[in-house]
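For reference, the structure is listed below as structure tokens.
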Amino acid sequence: MNWLKDVIGQEKSIIAMCHLRPLPGDPFYDQSKGMNFVIEEAKRDLHSLQEGGVDAVMFSNEFSLPYLTEVNPETVAAMARVIGQLMEHINVPFGVNVLWDAKRSLDLAAATGAQFVREIFTGLYSSDFGMWDTNVGETIRHQQHIGAGDVKLLFNILPEAASYIAERDIENIAKSTVFNNKPDALCVSGLTAGEQTDSQILKKVKRIVPNSVVLANTGVRLENLEEQLKIADGAVVGTAFKYEGIFENRVDPKRVETFMKKVKAFRDDIPEKL
């Protein structure tokens, strides 16, 4: 059930976000600084995350706001360049997330050798980005077509800034997603990046699909990590690692180190805490 130990090397894994600055074609891309600035910022954050002891890293175009649900080619090309130039510096397992386009995330994973992707693979939503439809059958066939069958799929079942068109409770969403799609993990989110994942929702999801990997996808921070990790099988962490815990800031090495020390202490005492 828990592939995290095999792929990432650790149960109760912490997957750290490496947020890329705006890229060519994005509204806030800084042409005067160019791609070298994006690469250097990513390199700095990557080193801070790895030196702080995170278990894995996920590269994401987090600052490509406002997001597209069908991403343009220049975004994938730019992300591939960044990861390619950082490859010699990456010493932990890594994944990718091209917001919000599942096929392009898989394309990037195939091109860079990423072990996992996180995306919105299923559902029809009303969102800040308009009507948001998905086609999971088409996406999984694309995954096989490009030879990315070994890439682990992390299904975000509570998309940020979006809600299902139909009234569906979280237990039914989780159960049907697992039955129909056999995801490698379910990610449960708060409203936006940095917003805490509701512990009660996490409990409901884990209870209804106990044999599936369930990750707390947003808002895990020093103050609540034990509460969240008692329920979830791991967490995706981004904002908590930034200076002053602010989404827009760079990664703070001291915050990463302090966070991961507490995570490791928690893992050392797992039998007593669960």
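Indicate the gyration tensor shape class of segment 130-197 (rounded, prolate or oblate), computed on the Cα atoms with a ≥ b ≥ c the square roots of the eigenvalues: a/c under 1.5 is rounded; otherwise a/b larger than b/c is prolate and the rest oblate. Judged from the Cα gyration tensor, segment 130-197 comes out prolate (a/c at least 1.5, a/b above b/c). For segment 1-157, averaging the sequence separation of C-alpha pairs within contact (under 8 Å, six or more residues apart) and dividing by the residue count gives a relative contact order of 20 percent. Of all DSSP beta bridges confined to segment 4-273, the antiparallel ones make up roughly 25%.
Here the peptides 50-57, 121-128 are ranked by packing, the mean other Cβ count within 10 Å, and the order with the highest first is 50-57, 121-128. P(r) tail, segment 71-173: Cα-Cα pairs separated by more than 23 Å, 31% of all pairs. For H145 and D30, the difference between the fully extended length at 0.36 nm per residue and the C-alpha to C-alpha distance is 37.9 nm.
Phi angles across segment 114-120 convert, under the Karplus curve 6.51 cos²θ - 1.76 cosθ + 1.60 with θ = phi - 60°, into 3J(HN,Hα) values of 5, 8, 7, 10, 10, 7, 8 Hz, Gly and Pro given as x.
Potential lengthening of the chain between I270 and E51 amounts to 76.5 nm, from the contour at 0.36 nm per residue minus the alpha-carbon distance.
Close amide-amide hydrogen proximity is noted between A16 and D55, A56, V57, M58, V237, each under 5 Å apart and 5 or more residues distant or on a separate chain (H modeled in the peptide plane; Pro and chain starts excluded). Each residue of segment 22-27 was assigned a 3J(HN,Hα) from its phi angle through the Karplus curve 6.51 cos²θ - 1.76 cosθ + 1.60 (θ = phi - 60°); the sequence is x, 10, x, x, 6, x Hz, with glycine and proline shown as x. Dividing the Cα radius of gyration of segment 147-251 by its Kirkwood radius returns 0.99 for Rg/Rh.
Separation of segment 198-227 from segment 18-64 is 27 Å, based on Cα centroids. Ordering of 202-214, 30-42 by packing is 202-214, 30-42, highest average first (other Cβ atoms within 10 Å, averaged per residue).
Each reported figure results from applying straightforward, stated rules to the coordinates on display, with no laboratory input. Being a predicted model, the structure only gives us computed values, none of them experimental. Note that each Cβ is placed from the backbone with ideal geometry, even for glycine, and that neighbours are counted across all protein chains shown.
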